[in-house]
Amino acid sequence: MPDMSFVEVSTPHPHVALVTLNRPERMNAMAFDVMIPFRDRLREIGYDNEVRVVVITGAGKGFCSGADLEDPGTIPHVDGLTLPTMALRSMELLDEVISTIRRLHQPVIAAVNGPAIGGGFCLALSADIRVAAASAFFRAAGINNGLTAAELGISFLLPRAVGQSRAAEIMLTGRDVSAPEADRIGLVSHVVEGDVLLDTCFEIADRIIGWSRAGVELTKRQLWNSLDASSLQTHMDAEGTAQLFVRITTQNFEESVRARREHRPPVFLD
């Protein structure tokens, strides 16, 4: 059984689950003994209807340093498999972490408190919102290790975040992207001092929590669906269906009008 202490889940703020990768002595590297409980805890949180926003961060000075080159941990369910198939199983397991974050009902904020390297960079990219401490940096490290820099969806997600040319330059050179540069190119939404990183994430969470649950969940879904849309028209059709669904099946719009008239925050009951 994986050591569940490698992943800590707390609720330091109302309706917010804080998920902390807790292996600071290894810069929260992506050993299987860390990633399996991480994936499983995220799945549990996805069904916790008291949680409206998830914040992911790392213990200590690092967010996540990517693959653990010294102690990768144990890959489950590989007895009797050959090395090539074991390798495929291991990549599928790590892919599941990224796709689990994407499929969560709740928006996910990555509180990037330090280096996000290799798979850790991919992990940050899989979040809906990224907030970085001033000391954080990002590196697509596969190329530095004589491998491909393309892993865990980064060659899909990074160009869509910062543009094709800039993504290619970052991935092919293996250079570090500092927090200020990440802010300038749109890789993160905020850069703050480390001591207010989580508070900033909680402030963003509060804004999200104030809106309709259905509206938030469908907005997250449409943002992710837009990356796969085959055309503008196809995506607009999907957006329109989602908008009509909330408009017709709830009283949210009427409540927002009443709230503005009465000079109060809306209370959306969906």
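The values are calculated or read from the model by the stated rules, or taken from the named source; none is laboratory data. Source: prediction; values computed, not measured. Here the Cβ positions follow ideal geometry from the backbone for every residue, glycine too, while neighbour counts run over all protein chains shown.
Screening Asn49 with (1) surrounded by 21 or more Cβ atoms within 10 Å (Cβ to Cβ); (2) without any contact (Cβ under 8 Å) to a residue 12 or more places away in the chain gives one miss only, at (1). Does at least one position in segment 48-66 carry a residue that is assigned to a strand (DSSP E or B), small (Gly, Ala, Ser) and in contact with a helix residue (DSSP H, G or I) (Cβ under 7 Å, 6 or more places away or on another chain)? The answer is no; no qualifying residue exists. Inside segment 242-270, can you point out the residues that are of a type outside the set (A, V, I, L, M, F, W, C) and part of a loop (DSSP other than H, G, I, E, B)? Scanning segment 242-270 gives Thr250, Gln251, Glu262, His263, Arg264, Pro265, Pro266, Asp270. Taking segment 188-205 as the range and being within 20 Å of the chain's Cα centre (by Cα), in a helix (DSSP H, G or I) and either over 23 Å from Glu50 (Cβ atoms) or free of Cβ contacts under 8 Å to residues at least 60 places away in the same chain (or both) as the test, the residues that pass are Gly194, Val196, Leu197, Asp199, Glu203. As a summary of the residue check, Leu21 satisfies the conditions (1) at pLDDT below 95; (2) within 17 Å of Ala116 (Cβ to Cβ); (3) buried (at least 21 other Cβ atoms within 10 Å of the Cβ) except for the one numbered (1). Here Val196 passes the criteria (1) of a type in the set (A, V, I, L, M); (2) more than 17 Å from Ser65 (Cα to Cα); (3) surrounded by 15 or more Cβ atoms within 10 Å (Cβ to Cβ) except the one numbered (3).
Ala29 passes every criterion in (1) in a loop (DSSP other than H, G, I, E, B); (2) closer than 19 Å to Ala133 by Cα; (3) at pLDDT 95 or above apart from (3).
The residues of segment 102-144 that are touching a residue at least 40 places away in the same chain (Cβ under 8 Å) and polar (S, T, N, Q), listed by number, are Gln106, Asn113, Ser135.
So, restricting to helices (runs of 4 or more DSSP H) that lie completely within segment 76-187, which ones have at least 1 residues that are farther than 19 Å from Asn28 by Cα? Full working, then the answer.
Details: elements: 83-103, 119-126, 154-162, 164-173, 179-184.
In segment 76-187, 83-103, 154-162, 164-173, 179-184 are the helices (runs of 4 or more DSSP H) which contain 1 or more residues that are farther than 19 Å from Asn28 by Cα.
Would segment 233-241 turn up any residue that is assigned to a helix (DSSP H, G or I) and in contact (Cβ under 8 Å) with a residue 24 or more places away in the chain?
So in segment 233-241, the residues assigned to a helix (DSSP H, G or I) come out as 233-241.
Retained after the next criterion (residues that are in contact (Cβ under 8 Å) with a residue 24 or more places away in the chain): none.
Taking every residue of segment 233-241 in turn, none turns out to be assigned to a helix (DSSP H, G or I) and in contact (Cβ under 8 Å) with a residue 24 or more places away in the chain.
The set of residues from segment 228-256 being farther than 14 Å from Ser212 by Cα and surrounded by 11 or more Cβ atoms within 10 Å (Cβ to Cβ) comprises Ala229, Thr234, His235, Met236, Asp237, Ala238, Glu239, Thr241. From the list Ala140, Ala179, the one residue that fits, being closer than 27 Å to Asn225 by Cβ and either assigned by TED's automatic domain parsing to the domain that holds Asp33 or surrounded by fewer than 21 Cβ atoms within 10 Å (Cβ to Cβ) (or both), is Ala140.
Take Leu69 and decide whether it is farther than 28 Å from Arg221 by Cβ, in a loop (DSSP other than H, G, I, E, B) and out of contact with any strand residue (DSSP E or B) (no Cβ under 6 Å at 6 or more places or on another chain). Answer is yes for this residue.
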